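Heads up: the structure comes next, in structure tokens.
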Amino acid sequence: MAGILLRSLHNLESSPNEPTATWTVPLNDGNHVVEFEHGTATGRRVVKIDGNDIVHRDWMFRLVGDEIFTFNNTKFVIRVDPMPGLKYSYALWVNGKSYKQFVQSQSKILETWLAKVGDEEYRIVLDKQAHSVCVNGQEVEVENEFMDGGAEILFSVGDLPAAIRSYSSNQKEIGIAYALYIDDVEIQQEALMES
């Protein structure tokens, strides 16, 4: 009897495997897509990051409240709040900041480039606070050198030499500017997602 009730409640809910809310979160190893499925009849909650299940609860008596989880040493909270008319609002908090605040703070500490080398695509992310570089989500070994008017971080992308050069932009609101070179060819920067 309980199984029949659960199946009929699942049928009442929105189409299965279709997220109720989706956010793109920029972390130091690249952007990650957070999807949240919320069954408003059963309380079912599924959290996926980049398509992989992080949280999966089929039956909950509590339809509102926080769903807390960790990914890549980052704390996430999805807040489910009631709204008039048996509807719900969904808000994402990352490391104690609202989604919008987190994205804004990440845009100040991360520089991101997409590069195609041969047939391979690479995503290069510089964490300006940690002075670390990730290539396709993996931190790589770097060498730091000073040069006239700035500094450069040396590493490899595939089999090619790469350098992130930092220099003064001569603009107070911008401060230090960064440029990526792979095999002495400058790569254009990718903008972080704004919401």
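Highest mean packing first, where packing is the average number of other Cβ atoms within 10 Å per residue, the peptides 146-153, 124-131 line up as 124-131, 146-153.
Computed from the Cβ-Cβ distance with R0 of 22 Å, the FRET efficiency linking residue 55 to residue 98 stands at 0.65. Among 18-25, 114-121, the peptide with the highest mean count of other Cβ atoms within 10 Å heads the list, and the full ranking is 18-25, 114-121.
Largest GNM mean-square fluctuation among 110, 27, 154, using the chain with Cα springs under 10 Å: 154. In terms of its Cα atoms, the stretch 108-195 spans 39, 37, 23 Å along the principal axes, sorted from long to short. The residue 177 and residue 31 beta-carbon pair, evaluated with R₀ = 22 Å, returns a calculated FRET efficiency of approximately 0.50. Using only the C-alpha atoms, the convex hull of the chain corresponds to 149 Å³ per residue.
Computed from label points 7 Å out along Cα-Cβ, the spacing between residue 120 and residue 156 is 0.9 nm. Could you sort out which of 75/116; 75/128; 128/172; 75/100; 48/128; 48/108 sit more than 23 Å apart by Cα distance in this structure? Correct reply: 75/116; 48/128; 48/108.
Where a number appears in this text, it was derived from the coordinates with a stated rule and is not lab data. Computed from a predicted structure; not experimentally measured. Note that each Cβ is placed from the backbone with ideal geometry, even for glycine, and that neighbours are counted across all protein chains shown.
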